[in-house]
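Enquirer: I'd like to ask you about the structure that follows.
The values are calculated or read from the model by the stated rules, or taken from the named source; none is laboratory data. What you see is a predicted model, and the numbers here were worked out from it, not measured in a lab. Note that we place each Cβ from the backbone using ideal geometry, even for glycine, and neighbour counts take in every protein chain shown. For accessibility, only protein heavy atoms count, side chains too; no ligands or nucleic acids. Shrake-Rupley method; radii C 1.70, N 1.55, O 1.52, S 1.80 Å.
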Amino acid sequence: MNNVIDIKSKKIEMIEKKAFEEYGVIKLNEDSYMVPSNVAYSEEEIIKESSLIELVVLEEAIKKLEVEDNEYIGLNLKEIIQKDEYILEIVNINKSKVEKITVKGKLNYDEREELVELIAALNKNKKVKVTFWLHYNYEMIKNLFD
């Protein structure tokens with residue numbers, strides 16, 4: 001009989017399930033997770049300017065994504081170019097379309113909030129949800145519950 005229970009695997013499964021239920025964490029692969037950080041809806045008021053990016057650049061990227069009513073837009077940090085300068089992916093989840101843009105700033109919570117609100121506002125006439133996703137590894141997920 002082979003009734004060996006892998007306690008470590010069971011603990012990982014329990015933590016992953018709890019992380020999904022409580023925080024909306026999505027597992028990508030063995031040690032890679034996406035955690036929703038900032039969320040905005042298209043009913044938000046339009047922001048006229050941003051210190052992070054030129055609105056024209058952002059508007060062009062959004063236009064290329066061909067966003068329609070009731071679609072979902074995800075943002076995530078793709079890579080760091082240099083200190084305070086990043087490549088940001090903007091993804092139309094429904095259509096699997098991706099645009100990459102350069103943004104400046106520290107991308108702390110407030111700046112991520114500004115970006116999601118800005119993208120939601122640019123889609124004001126459509127009902128969209130915009131979420132900034134952060135990459136976590138397993139240890140970071142586990143620390144959510146310690």
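Enquirer: Which residue, 33, 109, 9, has the largest displacement toward the positive end of the dipole of the chain when charges sit on each Cβ (Lys, Arg +1; Asp, Glu -1)?
Expert: Value: 9.
Enquirer: Right, something else. For every other residue with a beta carbon closer than 14 angstrom to the beta carbon of residue 141, add +1 if it is Lys or Arg and -1 if Asp or Glu, then tell me the sum.
Expert: Working: positive: 11, 17, 18, 27, 142; negative: 13, 16, 21, 22, 30, 31, 139, 146.
Value of the local net charge: -3.
Enquirer: Please identify every one of the trypsin sites (Lys or Arg not before Pro) in the range 34-115 that sits in a loop by DSSP and has no more than 10 other beta carbons within 10 Å of its own beta carbon. Don't skip to the end; give the middle numbers.
Expert: Values: sites: 48, 63, 64, 78, 83, 95, 97, 100, 104, 106, 112; in loops: 48, 83, 95, 106.
Those that pass, being in a loop and sparsely packed, are 48, 83.
Enquirer: What percentage of the solvent-accessible surface of the chain, computed with a 1.4 Å probe over protein heavy atoms, is contributed by carbon and sulfur atoms?
Expert: Working: 4640 of 9350 Å².
On the chain, the fraction of accessible area on carbon and sulfur atoms equals 50 percent.
Enquirer: Also, quick follow-up: Treating only the Cβ atoms of Lys and Arg (+1) and Asp and Glu (-1) as charged, compute the dipole magnitude of the chain about its Cα centre; round to the nearest 20 debye.
Expert: On the way: 22 positive and 30 negative charges, 88 e Å.
In debye, rounded to 20, the chain gives about 420.
Enquirer: How much accessible area per residue does the chain have, counting only protein heavy atoms and a probe of 1.4 Å, in square angstrom? Walk me through the intermediate numbers first.
Expert: Working: 9350 Å² over 146 residues.
I get 64 Å² per residue for the chain.
Enquirer: Loop-only GluC sites (Glu not before Pro) in the range 55-146, please: DSSP not H, G, I, E or B, and at most 13 other Cβ atoms within 10 Å. Each step should come with its number before you reach the end.
Expert: Numbers: sites: 59, 60, 66, 68, 71, 79, 85, 89, 99, 111, 113, 114, 117, 139; in loops: 66, 68, 71.
Those satisfying the criteria are 66, 68.
Enquirer: How large is Rg over Rh for the chain, taking Rg from the Cα atoms and Rh as the Kirkwood inverse mean of 1/r across Cα pairs? Could the numbers behind the result be given before it?
Expert: Values: Rg = 17.7 Å, Rh = 16.6 Å.
Ratio value, two decimals: 1.07.
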